[in-house]
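Notes to accompany the following structure.
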Amino acid sequence: MKNNKTELLVAALENGTVIDHIPSELVFTIASLLELEKLGSSVTIGYNLHSKKLGKKGIIKVADKYFSDEEISRLSIVAPNVVLNIIRDFDVVEKKEVIIPDELHGIVRCGNPKCITNNEPMPTHFHVVNKEEGTLKCHYCEKEQNKSEVKLV
Ligand SMILES: [Zn+2]
C-alpha cells in the first residue's frame, strides 16, 4: 500500500458524506453552515487541494453523518455547485446536488435596515421567488434581494 500525503487526504470513508467541489475560500463557510462543530463524529477538511476544474478546491468528509435536504439547502446561497457523495460501506451510493429551497429560514440577513429581523432577536425568513435568478423576498418587509448581494446571518 502506498502511503503518501495525497492518499491520506482521500482516504476512504466507510460511512458518511463527502462534500466535494467546494471552492477553497468557502470551505469554512460550509463547515459552519452545516454546523460541523456540533457533530461528535470525525470530520476531515481538505483545503487548497489541486483540482483541474476549480484550480484549487476544498473537500469535507464527515463520518457517520447524512445531511437532511433542509441542511443541504442551506448551502444553496453560497455554494450551489457542491456535490455531496453519500457513502455506505466504502461505496458512493448516491450523489446529491444542492437545490435551492422554496424558503430560507435564518440563513441570510435582510438588507433592509428597518426590517424587524434586523431590530428584534428573531430568525429571518425569505421566500425564493425566482430560483433561476436567485431572487429572495423577505417574509416580513417584502424587500426583494438577489442571493449574490445577501449576507449570511
Ligand atoms: Zn426584511
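The values are calculated or read from the model by the stated rules, or taken from the named source; none is laboratory data. These numbers were taken from a predicted model, which means no experiment stands behind them. Counting neighbours? That spans all protein chains shown, and the Cβs are built from the backbone with ideal geometry, glycine included. These accessible areas exclude ligands, DNA and RNA; they are computed on the full protein's heavy atoms, side chains included. Shrake-Rupley method; radii C 1.70, N 1.55, O 1.52, S 1.80 Å.
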For an R0 of 22 angstrom, estimate the FRET efficiency from the Cβ-Cβ distance between N130 and E70 and round to the nearest 0.05.
0.60
In order through the stretch 88-102: 3J(HN,Hα) via Karplus (6.51 cos²θ - 1.76 cosθ + 1.60), integer Hz, x for Gly, Pro
10, 6, 6, 10, 7, 9, 7, 10, 10, 9, 7, 10, 6, x, 6
Assigned charges on the beta-carbon of Lys, Arg, Asp, Glu; the stretch 1-129 dipole about Cα centre (debye)
620
In whole Hz, the Karplus estimates of ³J(HN,Hα) for the stretch 34-39 (6.51, -1.76, 1.60; θ = phi - 60°; x where Gly or Pro) are 8, 6, 5, 5, 8, 7
Rounded to two decimals, what is the ratio between the C-alpha radius of gyration of the chain and 2.2 N^0.38 Å?
1.16
Taking the Cα centre of the stretch 103-146 as the origin and placing charges on Cβ (Lys, Arg +1; Asp, Glu -1), which of V108, M122, Y140 is farthest toward the positive end of the dipole?
M122
When ligands, DNA and RNA are left out and all protein chains stay put, how many square angstrom of accessible area per residue does the stretch 68-120 have with a 1.4 Å probe?
57
For K65, which sequence-distant residues (separation of 5 or more, or a different chain) have an amide H within less than 5 Å of its own amide H, given hydrogens modelled in the peptide plane?
G16, T17
What are the ³J(HN,Hα) couplings of the stretch 142-153, residue after residue, when phi is run through the Karplus curve with 6.51, -1.76, 1.60 and θ = phi - 60°? Round to Hz, x for glycine and proline.
6, 5, 9, 9, 8, 5, 6, 10, 7, 10, 6, 5
Putting +1 on Lys and Arg Cβ atoms and -1 on Asp and Glu Cβ atoms, find which of I60, P23, I77 reaches farthest to the positive end of the dipole of the stretch 5-97.
P23
Near the amide H of N130, under 5 Å away, which other amide H atoms are found, from residues 5 or more places off or on another chain, if H is placed in the peptide plane?
T135
With 21 Å as the limit, write out which pairs from K61/K96; K65/K96; K38/K151; K56/K151; K61/K131; K65/K95 have Cα-Cα distances beyond it, or answer none.
K38/K151; K56/K151; K61/K131
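How large is the dipole of the stretch 103-146 about the Cα centre if only Lys and Arg carry +1 and Asp and Glu carry -1, each at its Cβ, rounded to the nearest 20 debye?
I would put it at about 120 debye.
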For the stretch 92-127, listing trypsin sites (Lys or Arg not before Pro) in a DSSP loop whose Cβ sees at most 10 other Cβ atoms within 10 Å gives K114
Can you list the residues, at least 5 places off or on another chain, whose amide H is less than 5 Å from the amide H of T124, using H built in the peptide plane?
G106, I107
Under the rule of -39500 (n - 2.57) per DSSP H run of 4 or more residues, summed and divided by the residues of the chain, what mean residue ellipticity at 222 nm is obtained, to the nearest 500 deg cm²/dmol?
-2500 deg cm²/dmol
